Amino acid sequence: MPNFSHGSSHTGGRLTIDLDALQANYTHLAWMARPAKCAAVVKADAYGLAAHIIGPALERAGCKTFFVALAHEALRLRHVCPDATIYVFDGVYENSVDALIQTNITPVLNSLDQIELWARLGERKPCAVQIDTGMNRFGLTVDEAAIFSSIHRAQNLVNLKLILSHLACGSDPNHRMNAEQLKKFQHVRSLFPDIESSLANSAGTLMGGDFLCDWVRPGIAIYGGEAISTMANPMKPVVTLHARIGQIRHAKKGESVSYGASHVLTRDTKIATVIVGYADGYPRSGSGSGIPLRANGSAGAAGYIDGYRVPLLGRVTMDICMFDVTDVPDDVLAKGWVELIGKNITLDEAAKAAGTVGYELLTSLGSRYERSYISTES
Ligand SMILES: *Cc1c(COP(=O)(O)O)cnc(C)c1O
């Protein structure tokens, strides 16, 4: 049990990020991907965990190639990872060409227009091209890829380093889309026989086999999240969120809790009021009761304190939520903290209780926490 006696009462929550677990997850994925190489996706500020800390930590674990979503994120990452290869999924626009060139950032070109732009202004710097094999989100269609490949063969338009595509249904390995996308991508790969390729996100990396291609690009699994919903999550938890208990209250059977008075107590109840709420990214849709939006019928989120699972009572409010701690002895409560996410309440369990996914919960965690990064590296 970690010692939180030094936990600050200036904040309501403590977010602890375990860099050893992060590095172990990367190492595990890189090992699973062999002989393919393993990049890391650090978009959205490394899924909310701070790219300027996560990027260098992954570099120390051997990662040399990163993907971000936006040019802005790439430029910030460049400050702390001066030698890394950095790809931008969002590609290039007239007003970002110069910045990308000056900082050696590699755009992932997503349309024939972006290819034309980079061919004209990119000074033959490296680029990647994304092919849409089934998401209908971003990238050349398979037909456009064929057109581009013949022009490219004739004119050697751009300095192409990588072709990539993205899986729509990796979280369900049995979904027919996976095989269909792989087949389309194999076809596109055959049009660019000398160019490295990448299809796998975290789920694709865990599926292995032909999904691995030359490069894998996991994100969520590095951060300990569940990539495949039909098997036990093999990754180590990276993020722990503890909420400070601000008050213990004693309420009577028949009284109600929180906004809307939607939770009516069915017994005399000891309540822990904890100082984390939806403004901290702890979702309101995880409320114990009274949220018509959540249709999945789950009872709502739970916390954990020293061996006791404690259900969330009533609605999550902006800064505060309440847990039923009737069964928890006072000396245990005196420790003062409730785990909302961690080894006992996994990221994905907390997310599911709120009708969402670990990705969204992670990237929502706000800026009000006291954050600490723990590591045994010297
Ligand atoms: C976000 C993203 C990834 C990483 O996906 P995970 O499921 O987090 O592993 C890989 N490729 C693309 C194009 C992405 O947008």
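The values are calculated or read from the model by the stated rules, or taken from the named source; none is laboratory data. Being a predicted model, the structure only gives us computed values, none of them experimental. Every residue, glycine as well, gets a Cβ built from its backbone with ideal geometry; the counts of neighbours run over all protein chains shown. Protein only, heavy atoms only, side chains kept; ligands, DNA and RNA dropped before computing areas. Shrake-Rupley method; radii C 1.70, N 1.55, O 1.52, S 1.80 Å.
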Residue under evaluation Arg244, criteria (1) within 16 Å of the ligand (Cβ to nearest atom); (2) crowded, with 18+ Cβ neighbours inside 10 Å, criterion not met: (1)
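Identify, please: which residue in the stretch 123-135 is within 12 Å of the ligand (Cβ to nearest atom) and not aliphatic (A, V, I, L, M) and is, among those, farthest from Ile86 (Cα to Cα)?
Step by step, filter the stretch 123-135, then rank; the result is Thr133.
Return the residues of the stretch 209-220 that are outside any loop (DSSP other than H, G, I, E, B), more than 13 Å from the ligand (Cβ to nearest atom) and at negative phi; say none if nothing qualifies.
Listed by number, the residues that qualify are Asp210, Leu212.
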Leu206 being touching a residue at least 60 places away in the same chain (Cβ under 8 Å), open to solvent by less than 40 Å² (accessible area, probe 1.4 Å), assigned to a helix (DSSP H, G or I) and within 15 Å of the ligand (Cβ to nearest atom): yes
Residue in the stretch 162-170 that is away from the ligand (no atom under 16 Å from the Cβ) and within 26 Å of Ile105 (Cα to Cα) present: no
Candidate set from the stretch 204-231 (those that are at pLDDT 95 or above and of a type in the set (Gly, Ala, Ser)); member that is farthest from the chain's Cα centre (by Cα): Gly209
Residue list for the stretch 46-68, restricted to those being farther than 16 Å from Ala24 by Cα, in contact with a Ser or Thr (Cβ under 8 Å, 6 or more places away or on another chain) and in a helix (DSSP H, G or I): Tyr47, Gly48
Residue match in the stretch 180-187 (condition: outside any loop (DSSP other than H, G, I, E, B) and of a type in the set (A, V, I, L, M)): yes
Verdict on Lys343 being open to solvent by 10 Å² or more (accessible area, probe 1.4 Å) and in contact with a Pro (Cβ under 7 Å, 6 or more places away or on another chain): yes
Subset tally (residues that are among the aromatic types (Phe, Trp, Tyr) and open to solvent by 60 Å² or more (accessible area, probe 1.4 Å)) for the stretch 346-372: 1
Condition met for Asn174 (touching a residue at least 12 places away in the same chain (Cβ under 8 Å), away from the ligand (no atom under 16 Å from the Cβ), under 24 Å from Leu58 (Cα atoms) and open to solvent by 70 Å² or more (accessible area, probe 1.4 Å)): no
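Kindly indicate which of Phe138, Phe148 is more than 16 Å from the ligand (Cβ to nearest atom) and among the aromatic types (Phe, Trp, Tyr).
Details: Phe138 fails: more than 16 Å from the ligand (Cβ to nearest atom).
Exactly one of Phe138, Phe148 is more than 16 Å from the ligand (Cβ to nearest atom) and among the aromatic types (Phe, Trp, Tyr), namely Phe148.
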Subset of the stretch 39-70 that is open to solvent by 40 Å² or more (accessible area, probe 1.4 Å) and aliphatic (A, V, I, L, M) - its residue that is nearest to the chain's Cα centre (by Cα): Ala44
Evaluation of Cys321 against (1) free of Cβ contacts under 8 Å to residues at least 40 places away in the same chain; (2) open to solvent by less than 40 Å² (accessible area, probe 1.4 Å); (3) not aliphatic (A, V, I, L, M) (one fails), failing number: (1)
Members of the stretch 221-234 found to be at negative phi and either in contact with a Leu (Cβ under 7 Å, 6 or more places away or on another chain) or more than 11 Å from the ligand (Cβ to nearest atom) (or both), listed by number: Ala221, Ile222, Tyr223, Gly225, Ala227, Ile228, Ser229, Thr230, Met231, Ala232, Asn233, Pro234
Residue that is small (Gly, Ala, Ser) and within 13 Å of the ligand (Cβ to nearest atom), where the choices are Ala33, Ala71, Ala119: Ala33
Some residue of the stretch 244-261 being closer than 30 Å to Leu19 by Cβ and within 22 Å of the chain's Cα centre (by Cα): no
